[in-house]
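S.K.: Dropping the structure in here first, questions after.
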Amino acid sequence: MNTNNDITGFHAHIYFDAITREAAARVRESLIAKFDVRLGCWHEQPIGPHLKSMYQIAFLPHQFGEVVPWLMVNREGLDILVHPETGDSPF
């Protein structure tokens, strides 16, 4: 079983559809301007365990306290999944 010491980073998956894609693009551009995060590709179709189109951002543990609250306030109504990177992913 992992402990908090095993968290090497975080991913946030920003979900969108054809109607909300522009909002997702605005959130993405704002993230780039505000934070030093790694951006993943746009996935226009569901991929892996994700049932909707999405892109992901990756950030370091020390950024959690800034990035996640910012996403909570600035998500433009989009659904966002945040999870830790521990090396235990089955995918």
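S.K.: Taking residue 23 as meeting all but one of (1) under 26 Å from residue 87 (Cβ atoms); (2) part of a helix (DSSP H, G or I); (3) in contact (Cβ under 8 Å) with a residue 12 or more places away in the chain, write down the number of the exception.
M.R.: Here residue 23 clears every test but (1).
S.K.: Could you list, in sequence order, all residues of segment 7-25 that are over 18 Å from residue 77 (Cα atoms) and open to solvent by 60 Å² or more (accessible area, probe 1.4 Å)?
M.R.: Answer for segment 7-25, where residues must be over 18 Å from residue 77 (Cα atoms) and open to solvent by 60 Å² or more (accessible area, probe 1.4 Å): just 8.
S.K.: Kindly provide the set of residues from segment 48-83 that are among the aliphatic types (A, V, I, L, M) and exposed (fewer than 13 other Cβ atoms within 10 Å of the Cβ), ordered by number.
M.R.: Of everything in segment 48-83, those that are among the aliphatic types (A, V, I, L, M) and exposed (fewer than 13 other Cβ atoms within 10 Å of the Cβ) turn out to be 51, 72, 73.
S.K.: Next up: Can you name the number of the only condition in (1) modelled with pLDDT under 95; (2) within 22 Å of residue 70 (Cα to Cα) that residue 3 fails?
M.R.: For residue 3, the exception is condition (2).
S.K.: A follow-up question, please. If I go through segment 76-91 residue by residue, how many of them are in contact with a strand residue (DSSP E or B) (Cβ under 8 Å, 6 or more places away or on another chain) and either more than 11 Å from residue 15 (Cβ to Cβ) or charged (D, E, K, R) (or both)?
M.R.: The total comes to 5.
S.K.: Now, a different point. Could you tell me whether residue 74 is at pLDDT below 95 and among the polar types (S, T, N, Q)?
M.R.: no
S.K.: What is the residue count in segment 26-47 for residues that are aliphatic (A, V, I, L, M), within 13 Å of the chain's Cα centre (by Cα) and either under 20 Å from residue 77 (Cβ atoms) or surrounded by fewer than 16 Cβ atoms within 10 Å (Cβ to Cβ) (or both)?
M.R.: The number of residues fulfilling the criteria is 4.
The values are calculated or read from the model by the stated rules, or taken from the named source; none is laboratory data. Keep in mind the model is a prediction, meaning the values are calculated, not measured. No Cβ is skipped: glycine too gets one built from the backbone with ideal geometry, and neighbour counts run over all protein chains shown. Only protein heavy atoms, including side chains, enter the accessible area calculation; ligands, DNA and RNA are left aside. Shrake-Rupley method; radii C 1.70, N 1.55, O 1.52, S 1.80 Å.
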